[in-house]
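Asker: For reference, the structure I am asking about is given below.
Each value in this text was obtained by applying a stated rule to the coordinates, not by laboratory testing. The model shown is predicted, which means the values in this text are computed figures rather than measured ones. Cβ sites come from the backbone with ideal geometry, for glycine too, and all protein chains shown count toward neighbours.
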Amino acid sequence: MQSMTELESWDWETKERLVADINGWRSKFPVIHECVASNDGEKISAPVRTEDGRFTACVNGESWENTFEKLWSLRFGPDDRLTCLVREDDQWTVAVDDETWGEGFEYAWNIQFTPDGKSIAVNVKGENGYGIALNNRTWENGFAEARDFAISPNGEFTAAGVQTKRLGEGDIFGFAEGIWTVAVNGKPWGKNFLNVWGIAFSSDSSKVAAEVRVGEYEYAIAVNGTPWNKIFKCVWEPIFYPQGDDVLAPVQVDEGWTLAKNGELIWDRKFVQAWHQKFSPDGQRIAAVVAPEFGKWTIAVDGSSWNRTFRDAVLPPVFSPDSKRVAAIVKENNRWTVAVEGSPWVEGFDMIWDPVFSPSGDRVAAKAEKEGKFYIVLDGKIGKQEFEALWSPIFSPDGKKLLVRSIEDGKYYRRVIPVEEI
Amino acid sequence: MAEPAKEIVVDPGLDETIKKLTPKKIEDTINRALTKGAAARLKVYMQTCVHCGLCAEACHFYLSHDKDPRFSPVGKVKQTLWEIIKRKGRVDGEFIKNCSRIAHTECNVCRRCSMYCPFGIDMAYLLLLVRRICALLGVVPQYLQDTVNSHAVTMNQMWVKQDEWIDTLQWQEEDAQDEVKNARIPLDKEGAEIMYSVIGPEPKFLAQLLGNIAIIMTVAGMDWTMPSFDGWDNSNMPMYSGDFETMARVERKHFEAAFKLKAKKIVMGECGHAFRGAVYDGPKWLAWKEPPVPVIHAVQFYYELIRDGKIRIARKFEQPVTIQEPCNIVRGRGLGDMLRYIMRATCEDFRDVSPRYEHNYCCCAGGGVINCGPPWKKSRVEGNKVKAEQLKATGAEVVVTPCHNCHSGIEDIVNYYKLGMHVKFFSEILVDVMEVPEDLKV
């Protein structure tokens, strides 16, 4: 997510620019994989195979100087540095803008960035076992296994679920003693659990919360290694309140699912399902995906659900920047669309991407797919132009224009289009 | 309570775990499971069954044990759930151990018996409820519990680590490129039409099946992807142990992988129980009435590829071949005709089985029974003599099993009863007989 300052630094004046003719790449490279576009729209890139069977990244038609045995997971970070995983001499590492980290690993995967993109981390398997490498620096402690991880907002910490003891084949009793915990920068919590999942950092990066399984059928949230004093039938991923150390998580009680703050239920209403809770940008409101009844899905805000429910699915809520409105992807009868404040757009699509609010919150745009073509949809109205490939639109800081990154006839264009012309 | 069929099986998952049980824990757990966890249909079933015993003839365990009533579906319920309810949960550890033996290892929850019940009572539901009670008490066969632990940690069945998964896909992609030009396993391709998911044993033991799908997808020109992250495994053993919380977590991960990748549908490899978990049991626990992303089983997918001419058959498989019909996709979903279509399209000498379609016998491996591991293997293969007789009667040399549990289970039966047959997945036949266009030939 780009800051307003970054957005303001982008070119919002040039109406249209043909950035690259990808058709031309085909004569240079026998194989071209999936394209990725930079957030500011200035670059288009793809992993490509060279004539000699090696891999590199092609950016706006120019390939990196370095080539590799393998290259994948190519993406632009939030600060638009082009990042990927590469293998050379059977060692994996991270490459950023054609420069590789000094350290190589037996394996590296799962690139993650801080919101500002300045810190980059990956899961690694090395000589010491499993761990995390953050900005080319690997945890000193290795573990029997480390799965997934979270990166702190300040970019200084990583936390992963780690296996602290090796387990013999079929050792169900050893497993039941608890051999999993969370390690932060390689230092494990003092307490082990049957399982840990869904790790989250507090906004000041000082605390870590996770779902923990304290008994076979006993679930809780642990914060810095200490479980809540309340046990639940099940829990889902916790998040921290935007200010302070309080933690919010979906929990299952006898009557159904609801949200709990530090173990205490905060919504009176119980649902057949509740997950993907989110805070509004001002931190005053909470929205979550809920099922008020079996097979009926919607969004609840502060415990009250939208009247309209959807049969197939509802995806995580998105707040407007002013915190006043909520939108979400919804699906019914195998058609995808967006619902804003409980009202679905009339048009259904084969696929739709996350809704994007304008800075003032009064307009909503999304990338959508219909019959193999892609469109910008603005407030439910399908845009005039169809595209061969498209990335999610981005509103200009004043909300009057949209940055449209698209491919047509094999050519990648960056366009800035006034919203009324979409 | 009946004694085990022939010999005592040592299983620490049962023998050791019951030592920790107290009468109070058993009673409280049972009563909580029956009042808070069981659905209204338990009451309906209990009040509806007239004890007619017509379900008996449906069960392969019963038929394979000279019609011993202890192995009839109603006999299994009588020895377990009825007794539990009659005694209001006041049973001891040995009783729970026998419940686990019966429910986890002598019933495949295949639902054949429901078709023979005049009232359509879902006997499998009742035996799954017994499994749930056992699981809540921590009494689950060791190997099955270990598989459940793997699911809880890794979201896959076989303790496959995250790097092992990706690495396997990458070398299988390279292997596939030796067969078909530019064959790919596209990882994390957002917006692909298909997310292809498999079960844990594929990367662990049967990696060539991943290479096969890369070949098939490339030749058919499919827009597909596989996740590099957790959610790639569609199998679900917690569904069968009775750990429904872990079952739900695994299924949620599977569907959220599809959401994340913006896939329009999930095509799953050749596995029956995985289909049941993804289409029926998993979504329901999570409050989805239907799978939130359409799930297509491999049999239907191959049927559509062949029917639509996306895969052409260059030459037919010549050996006499028959099929095992996975209960969860044939009795559970009605894919029997599609299975026969693809068999006839690819095989010169297809020999059908009898009984067949929804009346076919279970492989006796499904329902988590094969996952109970080596201690229970003998009881499992002896519990399906009728399957051996059925397959032998076809005179086929090859059995196609579009399901991993069926595949392993039928292999054991073939060996135990010395049937002299080979067992194959359909994709192995397809890769062998399909036409590779000139421009894709290596």
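Asker: Can you spot the lysines whose alpha carbon is less than 30 Å from B:Lys392's alpha carbon? Ignore those fewer than 8 places along the same chain.
Answerer: Within the straight-line limit of under 30 Å, B:Lys392 reaches these lysines: B:Lys6, B:Lys67, B:Lys76, B:Lys316, B:Lys377, B:Lys378, B:Lys418, B:Lys424.
Asker: For the range B:12-140, rounded, prolate or oblate, judged on the Cα gyration tensor with a ≥ b ≥ c (square roots of eigenvalues), a/c < 1.5 rounded, else prolate if a/b > b/c?
Answerer: Judged from the Cα gyration tensor, the range B:12-140 comes out oblate (a/c at least 1.5, b/c at or above a/b).
Asker: Another question, if that's okay. Based on alpha-carbon centroids, what's the gap between the range A:4-45 and the range B:255-318 in Å, whole number please?
Answerer: That distance is 35 Å.
Asker: Moving on. What do the square roots of 5 times the Cα gyration tensor eigenvalues come to for the protein assembly as shown, in whole Å, largest first, as semi-axes of the equivalent ellipsoid?
Answerer: Largest first, the protein assembly as shown gives 45, 33, 26 Å.
Asker: Among A:Ala183, A:Phe68, A:Thr258, which residue has its Cα positioned farthest towards the positive end of the charge dipole of chain A, with +1 placed on the Cβ of Lys and Arg, -1 on the Cβ of Asp and Glu, and the dipole taken about the Cα centre?
Answerer: Positive-most Cα among the choices belongs to A:Thr258.
Asker: Moving to a separate point now. Build a GNM of chain A with springs between Cα atoms under 10 Å: which of A:Leu402, A:Leu71, A:Leu167 gets the top mean-square fluctuation?
Answerer: Checking each option, the largest mean-square fluctuation is seen for A:Leu167.
Asker: Charges only on Cβ, +1 for Lys and Arg, -1 for Asp and Glu: so what's the dipole of chain A about the Cα centre, in debye to the nearest 20?
Answerer: 920
Asker: Sequence gap at least 6, Cα distance under 8 Å: using those rules, report the relative contact order of chain B to the nearest whole percent.
Answerer: Averaging sequence separation for qualifying contacts and normalising by length gives 17 percent for chain B.
Asker: Rounded, prolate or oblate: which fits the range A:245-329, taking a ≥ b ≥ c as square roots of the Cα gyration tensor eigenvalues, rounded meaning a/c under 1.5, else prolate when a/b beats b/c?
Answerer: Taking the square roots of the gyration eigenvalues as a ≥ b ≥ c, the range A:245-329 is oblate.
Asker: Still on this model: Antiparallel versus total DSSP beta bridges in the protein assembly as shown: what percent is that, nearest 5?
Answerer: In the protein assembly as shown, approximately 90 percent of DSSP beta bridges are antiparallel ones.
Asker: For the range B:420-442 and the range B:96-162, compute the distance between their C-alpha centroids and round to whole Å.
Answerer: Here the answer is 35 Å between Cα centres.
Asker: Given chain B, report the % of alpha carbon pairs whose separation exceeds 40 Å.
Answerer: 17
Asker: Might you report the magnitude of the Cβ-based charge dipole of the protein assembly as shown about its Cα centre, with Lys and Arg at +1 and Asp and Glu at -1, to the nearest 20 debye?
Answerer: Dipole of the protein assembly as shown, to the nearest 20 debye: 3680 debye.
Asker: Moving to a separate point now. Using a Gaussian network model on chain A with a 10 Å cutoff between Cα atoms, which of A:Ser392, A:Ser406, A:Ser73 fluctuates the most?
Answerer: In this elastic network of chain A, the residue with the biggest mean-square fluctuation among A:Ser392, A:Ser406, A:Ser73 is A:Ser73.
Asker: Let me ask something else about it. What is the list of residues in the range A:397-420 whose amide nitrogen lies under 20 Å from a point 7 angstrom out from the Cα of A:Trp12, following Cα to Cβ?
Answerer: Once the point is set 7 Å along Cα→Cβ of A:Trp12, A:397-406, A:414-420 turn out to lie under 20 Å by backbone N, inside the range A:397-420.
Asker: Same structure, new question: Over the C-alpha atoms of the range A:46-88, what are the Rg and the largest Cα-to-Cα span, Dmax, in Å?
Answerer: For the range A:46-88, the Cα radius of gyration and maximum Cα-Cα distance read 10.1, 32 Å.
Asker: Sequence gap at least 6, Cα distance under 8 Å: using those rules, report the relative contact order of the range B:212-300 to the nearest whole percent.
Answerer: For the range B:212-300, the relative contact order is 28 percent.
Asker: Using +1 on the beta carbon of Lys and Arg, -1 on that of Asp and Glu, and nothing else charged, what's the dipole of the range B:155-307 about the Cα centre, debye to 20?
Answerer: Here the range B:155-307 has a charge dipole of around 580 debye.
Asker: Give me the Kirkwood hydrodynamic radius of the range A:345-422, using the inverse of the mean 1/r over all pairs of distinct Cα atoms, in Å to one decimal.
Answerer: 12.4
Asker: So what J values fall out for the range A:265-274 if you push phi through Karplus, 6.51 cos²θ - 1.76 cosθ + 1.60 with θ = phi - 60°, rounded to Hz, Gly and Pro as x?
Answerer: Each residue's phi maps through the Karplus curve to give 5, 10, 10, 5, 6, 10, 10, 6, 7, 8 Hz.
Asker: On to the next question. Label point 7 Å out from A:Glu140 along Cα-to-Cβ: which residues of the range A:176-208 have amide N under 15 Å?
Answerer: A:184-188
Asker: Moving to a separate point now. With runs of 4+ DSSP H residues as the only contributors, calculate the mean residue ellipticity of chain B at 222 nm using -39,500 (n - 2.57) per run, divided by the residue total and rounded to the nearest 500.
Answerer: When only DSSP H runs of four or more count, the value is -12500 deg cm²/dmol.
Asker: What's the FRET efficiency of B:Val50 with B:Arg90 using the Cβ-Cβ distance as r and R₀ = 22 Å, to the nearest 0.05?
Answerer: Efficiency, from the Cβ-Cβ distance: 0.25.
Asker: Between B:Lys310 and B:Glu7, how many nm apart are label points set 7 Å from Cα along the C-beta direction?
Answerer: Modelled inter-label distance: 4.9 nm.
Asker: Counting every Cα pair in the range B:155-307, what percent are over 18 Å apart?
Answerer: 54
Asker: Which residue, chosen from B:Cys117, B:Ser379, B:Trp285, occupies the Cα position most advanced towards the positive end of the dipole of chain B, where the dipole is computed from +1 (Lys, Arg) and -1 (Asp, Glu) charges on Cβ about the Cα centre?
Answerer: Result: B:Cys117.
Asker: Next question. Going by Cα centres, the range A:150-219 and the range B:176-232 are how many Å apart?
Answerer: So the two Cα centres are separated by 31 Å.
Asker: Quick one: grab the alpha carbon gyration tensor of chain A, order the square roots of its eigenvalues as a ≥ b ≥ c, and give me rounded if a/c is under 1.5, else prolate or oblate depending on whether a/b is larger than b/c.
Answerer: Oblate shape, in that a/c is at least 1.5 and b/c is the bigger or equal ratio.
Asker: Something else now. Return the loop-located GluC sites (Glu not before Pro) in the range A:334-420 (DSSP other than H, G, I, E, B) with at most 12 other Cβ atoms within 10 Å of their own Cβ; answer none if there are none.
Answerer: Sparse-neighbourhood loop GluC sites (Glu not before Pro): A:Glu371.
Asker: Still on this model: Considering the options A:Gly117, A:Phe201, A:Cys84, tell which one lies farthest towards the positive end of the dipole of the range A:67-215, charges being +1 on Lys and Arg and -1 on Asp and Glu at the Cβ, about the Cα centre.
Answerer: Farthest towards the positive pole: A:Phe201.
Asker: Could you sort B:129-136, B:300-307 so that the peptide with the highest average Cβ count within 10 Å comes first and the rest follow in order?
Answerer: B:129-136, B:300-307
Asker: Let me ask you something else. Any aspartates and glutamates with Cα under 19 Å of the B:Lys86 Cα? List them, leaving off those in the same chain fewer than 8 positions away.
Answerer: Within reach: B:Glu27, B:Asp28, B:Glu94.
Asker: Across peptide A:32-42, how many C-beta atoms of other chains are within 10 Å of each residue C-beta, on average?
Answerer: 1
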